[in-house]
Amino acid sequence: MDELILKFSRGESEIIIQPGGLNYIGKWVSALDAPQLVFVCSDTTVAGLYADTVLRSLEEAGIQTVLHTFAPGDESKSLEQLNLIYEGLGEARLSRDGLLLALGGGVVSDLTGFAAATWMRGVRYVTCPTTVEADVDASIGGKTAINHPAGKNLVGAFHHAELVAVDTKCLQTLQARDIASGLAESIKHALICDEGFLAWHEDQAEKINAVDADVMADLVDRNLRIKAGVVESDEQEHGRRAILNFGHTIGHAVESWFDYRLRHGEGVGLGMVAAAHISRELGLLEQSEVERICAVLKLFNLPIVTPKPMDIEAVSAFTFGDKKVLKGKRRWVLLDGLGKTVIRDDIEESLIREAIAVISP
């Protein structure tokens, strides 16, 4: 078992990484000034695999439980689904000494975390991530949100999970495409903070793709330490934390263009290719480094071009809905060499469209 503590302005998140950890969730939650009621949120696919284990562990610890499920996929990050959770919380009479528990991937943690942030002006919540993307990224940092027609994750709040319980055994049940999607966030962390970690991905590619237990535990640990370090330095994204959005500005626009039929990590990977192109055109990256980025993405079965051509102008226009826009200017997280970043707001529209065209076949 590996334990980390993420400290922030209003408390801390305890992070536990343990294979088979879902069996101990009752014990771990009980140690958190035990709540009388835990309202568990999950999508129907994940609930079918793991809800019984989680509910049994909680109930054996003497904790009352309620399970709320919804359809898997980004479409569930909606006002409609949020309201259904509120209705469930009301029926369960969850009070401020209660607790929400997110069981699933990034969609589940985003939605559940936002419900926790807003129910009774904020109640505690725990997250049990079950995907690579959630393990290495979405589970920590306090960002919670739902989508809006104007853009992805535009309605949200900062609300940290009190406990993050990572059971790496859950990764064994994922489809190959979902594993690859999550690895995009891991590659992102390497590109923005640690070139040596990028080399580790290249060296361990065969074992990572085979979901080797020891290697995946190491991958999760290294990612969470990178993200925790960034979040602790800038909890509410007033400065350095924005680097975690590398690849996301165009990535989110691509996801929207394809009506979220692409996985989040696939969009981020494509966004990183586009951002790398901009970085190269500005003299910040070498062509060989751009090629290396593309090669690493392909190594983990991530696309470097979209499934079909996009409307370049429409995708570019959509990036103005990005949360990093200030005073009408889009701020771009770019690479100033591998493992280093720079944020620029002076990128010409022609270069942005050129970068989008690079990933549009």
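The values are calculated or read from the model by the stated rules, or taken from the named source; none is laboratory data. On a predicted model such as this, the values are computed, not experimentally measured, just so you know. Glycine also receives a Cβ, built like all others from the backbone with ideal geometry; neighbour counts cover every protein chain displayed. Just so you know, the surface numbers come from the protein's heavy atoms only, side chains and all, with ligands and any DNA or RNA stripped out. Shrake-Rupley method; radii C 1.70, N 1.55, O 1.52, S 1.80 Å.
Things to note:
- Residue match in the stretch 58-68 (condition: touching a Ser or Thr at 6+ places or on another chain (Cβ under 8 Å), charged (D, E, K, R), more than 21 Å from K323 (Cβ to Cβ) and modelled with pLDDT of 95 or more): yes
- Checking T319 against (1) of a type in the set (V, I, T); (2) modelled with pLDDT of 95 or more; (3) touching a Ser or Thr at 6+ places or on another chain (Cβ under 7 Å), the condition it does not meet: (2)
- Qualifying residue in the stretch 242-256 (condition: buried (at least 16 other Cβ atoms within 10 Å of the Cβ), touching a residue at least 24 places away in the same chain (Cβ under 8 Å), charged (D, E, K, R) and not in a helix (DSSP H, G or I)): no
- Within the stretch 274-282, not a single residue is aliphatic (A, V, I, L, M), without any contact (Cβ under 8 Å) to a residue 40 or more places away in the chain and either touching an Asp or Glu at 6+ places or on another chain (Cβ under 8 Å) or farther than 15 Å from E354 by Cα (or both).
- Top-ranked residue in the stretch 158-212 [being within 26 Å of V126 (Cα to Cα) and part of a loop (DSSP other than H, G, I, E, B); ranked as most open to solvent (accessible area, probe 1.4 Å)]: Q175
- The selection criterion, being over 23 Å from L334 (Cβ atoms) and under 17 Å from the mean Cα position of the chain (by Cα), does not hold for A184.
- On inspection, L49 qualifies as among the aliphatic types (A, V, I, L, M), in contact (Cβ under 8 Å) with a residue 12 or more places away in the chain and open to solvent by 20 Å² or more (accessible area, probe 1.4 Å).
- Evaluating R280 against the criteria (1) within 21 Å of C193 (Cβ to Cβ); (2) among the basic types (K, R); (3) open to solvent by less than 60 Å² (accessible area, probe 1.4 Å) leaves one unmet condition, (3).
- Test: residue in the stretch 303-323 that is over 21 Å from G265 (Cβ atoms), open to solvent by less than 50 Å² (accessible area, probe 1.4 Å) and without any contact (Cβ under 8 Å) to a residue 60 or more places away in the chain: yes
- Condition check for L338: over 30 Å from I146 (Cβ atoms), part of a loop (DSSP other than H, G, I, E, B), over 25 Å from the mean Cα position of the chain (by Cα) and not polar (S, T, N, Q): no
- For E3, the stated conditions do not hold, so it cannot be described as out of contact with any Lys or Arg (no Cβ under 9 Å at 6 or more places or on another chain), without any contact (Cβ under 8 Å) to a residue 12 or more places away in the chain and on the phi < 0 side of the Ramachandran plot.
- Selection of the stretch 104-155 for residues being part of a helix (DSSP H, G or I) and over 10 Å from the mean Cα position of the chain (by Cα) yields V108, L111, T112, G113, F114, A115, A116, A117, T118, W119, M120, R121.
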